[in-house]
Every structure is written in C-alpha cells, then in structure tokens.
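One structure is given below, encoded as structure tokens.
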Amino acid sequence: MQFLKDIFHIFFPNLCVHCSIPLVTGEKFLCLECNHQVVPIPYDEYHQKMLQSTFYGSAVIEQISSYMYFRKATPSQSLIHALKYRGQEAIGTWLAKRVVKQLQEQHLFESVTAVMPVPLHSRRLKERGYNQVTAFGTVLARTLGVVYLTKVLKRVSTRSSQTILKRFERFSNSDTLFTCEEHALLRDAHILLVDDVITTGATLLNCCEQLYKVGVRKISICTMAYTPKE
Ligand SMILES: O=P(O)(O)OC[C@H]1O[C@H](OP(=O)(O)OP(=O)(O)O)[C@H](O)[C@@H]1O
C-alpha cells in the first residue's frame, strides 16, 4: 500500500500551499521552511490583552485564543486561502490539532458548555460546499467533550466578503448579519465561538450580541488566525 502511495506521489506530489514546492514525507500543507514562517500567538497575559482589546467596550469575552498571526503574502494567508477557496478542508483539522496542544497545556476553555461556529450564509455555503471552520470546531468540541452546536445561529445578511474591505468598511458592512434562535443549550451557557480569522472583530461581535440576546451567559473565542493592527 505504501509502495502504491509512493508511486502516486511521484506523479501527483502534494505541494506546499504557499511556495508550491513538492512536500516530502512528514510535511503537510506547508514545507518546512514555510512552516517556520508561521508565527504562533502565545497564550500569555500580553497576548491575551492584545486579542481582548479587539472587543474592549463592546463585549466581555471570557477567554480568547488565536493560533497564529495572519499576514498578507505569508504562509498564514496561503493556509487560510487554501482552506477557504481551494477546497483544502483538512487544513482545519490540522490547525485544530495544534490548538488542542495549547488548550490542554493551558487548561483553556474548560468551563465551556458548547462550541459554535460562525455560520456562513446559505448561499456562500452552497458555493464553498463546506463551512471552513467545521473541521476546526468539531475537533475542539470533541476535545472539550461538549456539543458542537450548529443551525441555531444563522447568518441572514448576504453582504459582500469582508476579505476585500478595509477595517472601517468591515464595521459598516456588518449591521444585521446574524440571528439566533432560543435553545435550551444556550440558556446560561458558556459558548466557545470559533472562526477562521479575526480582523476587526466585527463578525464575532455581531455573533456575541445575538447570543447574549437569547440568554447565553459567557462567551469565549477561538480562531485560527488574528490580523494584527498595523
Ligand atoms: O473580524 P472581521 O473584520 O469581521 O473579519 C473576519 C471575518 O471576515 C471573513 O469573513 P468573510 O465574510 O469576509 O469571508 P468570506 O471570504 O467567506 O466571504 C472571515 O472568515 C471572518 O469571518
């Protein structure tokens, strides 16, 4: 079997999602060199403040963690773009496994009662075929031993993609994005919201507002990446 895999690999090698060189055994999605350019965000007081500052004055976030810095033209952007726009859904699982390590070492999110993804609009979901945070979120929910709650929080607006907008435009673009149904699992709950990237925080803030309206007591956030302010 391994022999067949090796032959297949000669003709159809897996390529680094950033620099496109063929990957060797042991490498996944990124070659060693590109992998070294991914800058993880440590879980410490300084970086907690940095992440929390996105939501200061708007929402109280219990705990927050983001795996890596998101910067244009770097392997972090290639990873997220391959995950969202090039069908590489398994990148979500791969990143989640890295987050799980941090989560277990730091005893993070231990009082969470459910994990919820930032939902895609049904039209976007149809185009993409999957929500890019599903794989990531389900691994986290399984690790924490809690339910992965979908369908109650819904994206109702069909606004344009945030990706091409500047910081200010992202906020004005995010009026009524989501609605949330009442659900027994949300009352007095501690919800862990998961998404791919935090840029201005407008998307997650909008979700938080809807969750608080239906009786959620605490919200924590975990994302794959965070765009630092320039
Ligand atoms: O912190 P913010 O400024 O709100 O930006 C972050 C959001 O922007 C992107 O969504 P978007 O709707 O643009 O994704 P798309 O590429 O799927 O359209 C991303 O997936 C986050 O959900």
Given the condition among the aromatic types (Phe, Trp, Tyr), within 16 Å of the ligand (Cβ to nearest atom) and part of a loop (DSSP other than H, G, I, E, B), answer yes or no: does some residue in the range 119-138 qualify? yes
Here the residues within the range 85-94 that are assigned to a helix (DSSP H, G or I) and either buried (at least 22 other Cβ atoms within 10 Å of the Cβ) or at positive phi (or both) are Ile91, Gly92
In the set Met68, Met50, the lone residue that is assigned by TED's automatic domain parsing to the domain that holds Val216, surrounded by fewer than 17 Cβ atoms within 10 Å (Cβ to Cβ), hydrophobic (A, V, I, L, M, F, W, C) and touching a Phe, Trp or Tyr at 6+ places or on another chain (Cβ under 9 Å) is Met50
Kindly provide the set of residues from the range 103-118 that are touching a residue at least 12 places away in the same chain (Cβ under 8 Å), assigned to a loop (DSSP other than H, G, I, E, B) and more than 10 Å from the ligand (Cβ to nearest atom), ordered by number. Gln106, Leu108, Phe109, Glu110, Ser111, Val112, Thr113
Only one of (1) in a loop (DSSP other than H, G, I, E, B); (2) modelled with pLDDT under 95; (3) not acidic (Asp, Glu) fails for Arg71. Which number is that? (2)
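The values are calculated or read from the model by the stated rules, or taken from the named source; none is laboratory data. Remember, predicted model here, so these are calculated numbers, not experimental data. Neighbour counts are summed over all protein chains in view; Cβ atoms, including those assigned to glycine, are modelled from backbone coordinates with ideal geometry.
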